[in-house]
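Structure first, commentary second.
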């Protein structure tokens, strides 16, 4: 039965945001496995993992569209509607960057990563996974803040944002080192181009995670 | 049995049907925040709403009744008792039918507005457009705009106070426990004041205004402390992790009673106003400027509302708990407090306002205070549309029924 009074209450977009963040986390894990598979030669499951990421990305996209499509004019929220959209876009860009990286690999799966660079690649991947995992926690802590507006809770969220920024910085430094090593090892130009571009794309993942953090900072501004 | 007895019996039936409708239609709106915030269960909601609507109707509900009748439609059309009887009957039936239709079609209408519209329809049929007191009607319409705004303001301020002094505190649980007497007293204050003002009980005590206020203050402070002792007892076993919300969850049991009480006091007049006219006409043959509403009629209306609640309200409320997921107890408390206070004050001032609109206003206020993750503000437009629609719709229905009845009688 429909009750007129109830139409004033609507599904919170933060439910969707949370769900989306959890999807991003799942993608991060699949991405990590795919990267391990790619870096270690003679791994056959790379394409499966890439397809898993594509599937997850599609699901996340549906969530994103659901959030955007269900905020009619006249919706009053704890944050500005467009702040929410901008945040969502950054959180979604994390996914896109992951997909880009895997796509880039799939264009030239052979000959893989030279042994000298493998360790650095693992470190870079780990450095980008960490900020992604923080996103889901950030959303849930921010929701708690919107529940009680306590300064203590606000600083919890701000701490996460600060951590994201630091992590992005770490990932940047790893990216620099890796690129330098790629050029130093230069064998053929195509490999150099492929590896450098791959490094940059992976670096973007952390950039977008940091951007999401910055957007969150704007949302919790007093 | 004479012809008048038949009329009276029919009046009782229509009056009961109208009050049943009020119960079925309005209870979901008034209990929504308590059920939605999981402060009370469905069964408890039905129980509380049923009992306290009767109590509110019987003990607090005598004042509004005559204003609806005499304020909007000039009394000289009532000089013909026959016409007045038919008019009151058609008004009752018309508004009840319109509310039933709205409940069926899920339209956000107000039972109060329906009866006002039906009275206007009868007035126009009986004496032409000139019998409508447009200034009074304007005042009533204005109160429809003001009441949700007022409720919105109270809810906004209340939530801001709660955020500022309770839930943003480091130890919000103990802070809420400490301030519980304040919130409980505040809730009791308006109820106690209403009991003392303009009710048979208050008049028997023959108190002056200032002594009423003093008595109310002392009583409410006492009640506040008693209430907080009760809350302390109730929350002994709960986990502290939920913080202030847990305390407010217990307080909200009290405020949902407050809402039911206010609703009974306010809404009973919608059904009992015309019925009182019929009753008075049948008993005395004339109708005066103001007529006393016998307590048993109020009780009758209250019971009718309670029947509506227990028969149809349960099904309506079942959807509440699943639909409202974003409301927490502090928010629910603010909504309840604002809506009930608005309705009770308006009802004491003799203004026929809608409980539903006061509740909507309360939710808006909480939304404006950024208390709910997302609410749909556009419902205001929809509600306004049905304001504009309800009055003519029930007026026309009432006119048609009046015309039919006149043909028969």
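The packing ranking of peptides A:211-219, B:245-253, highest mean first, is B:245-253, A:211-219, where packing means the average number of other beta carbon atoms within 10 angstrom of each residue. What shape does the stretch B:99-165 have by the C-alpha gyration tensor, where a ≥ b ≥ c are the square roots of the eigenvalues, rounded means a/c under 1.5, and otherwise prolate means a/b greater than b/c and oblate the rest? It is oblate, given that a/c is not under 1.5 and a/b is not larger than b/c. Using every pair of distinct Cα positions in the stretch B:3-408, the Kirkwood expression returns a hydrodynamic radius of 21.3 angstrom.
Counting, for every residue in A:147-155, the Cβ atoms of other protein chains within 10 Å of its Cβ and taking the mean gives 5.
For the stretch A:12-219, just say rounded, prolate or oblate: build the C-alpha gyration tensor, square-root its eigenvalues into a ≥ b ≥ c, call rounded for a/c under 1.5, and beyond that prolate if a/b exceeds b/c, oblate if not. Cα axes put the stretch A:12-219 in the prolate bin. GNM on chain A, alpha-carbon springs under 10 angstrom: the most fluctuating residue among A:20, A:204, A:169 is A:169.
Note on the stretch A:153-172 and the stretch A:24-40: Cα centroid distance 23 Å, given to the nearest whole angstrom.
Give me the inter-chain shielding for B:101-107: mean count of other chain Cβ atoms within 10 Å, whole number please.
Working: counts 0, 1, 3, 1, 2, 7, 2.
Other-chain Cβ atoms within 10 Å of each residue's Cβ, averaged: 2.
Computed extension gain for residue B:407 through residue B:222, at 0.36 nm per residue and net of the alpha carbon distance, reaches 60.6 nm.
With the simple spin-label model, which puts each label point 7 Å out from Cα in the Cβ direction, the residue A:11 to residue A:156 separation comes to 2.6 nm.
In terms of the mean number of neighbouring beta-carbon atoms within 10 Å, the peptides B:265-274, B:133-142 order highest first as B:265-274, B:133-142.
Please give the FRET efficiency for residue B:234 paired with residue B:164, using the beta carbon to beta carbon distance and R0 = 22 Å, rounded to the nearest 0.05.
Approximately 0.30, to the nearest 0.05.
Here the spin labels are modelled as points 7 Å beyond Cα on the Cα-Cβ line, and at residue A:96 and residue B:12 they lie 7.3 nm apart.
In terms of its alpha-carbon gyration tensor, the stretch A:56-112 comes out prolate; a/c meets the 1.5 threshold, and the first ratio a/b outweighs b/c.
Would you mind giving the mean number of other chain beta-carbons within 10 Å of the Cβ of each residue in B:374-386, as a whole number? Walk me through the numbers on the way to the answer.
On the way: counts 16, 9, 11, 6, 7, 8, 2, 1, 3, 3, 0, 0, 1.
Average per residue, whole number: 5.
Extent of the protein assembly as shown along its three principal axes (Cα atoms, max minus min coordinate, largest first): 112, 54, 38 Å.
Each value in this text was obtained by applying a stated rule to the coordinates, not by laboratory testing. This one's a predicted model, so the numbers in the text were calculated from it and none came from an experiment. No Cβ is skipped: glycine too gets one built from the backbone with ideal geometry, and neighbour counts run over all protein chains shown.
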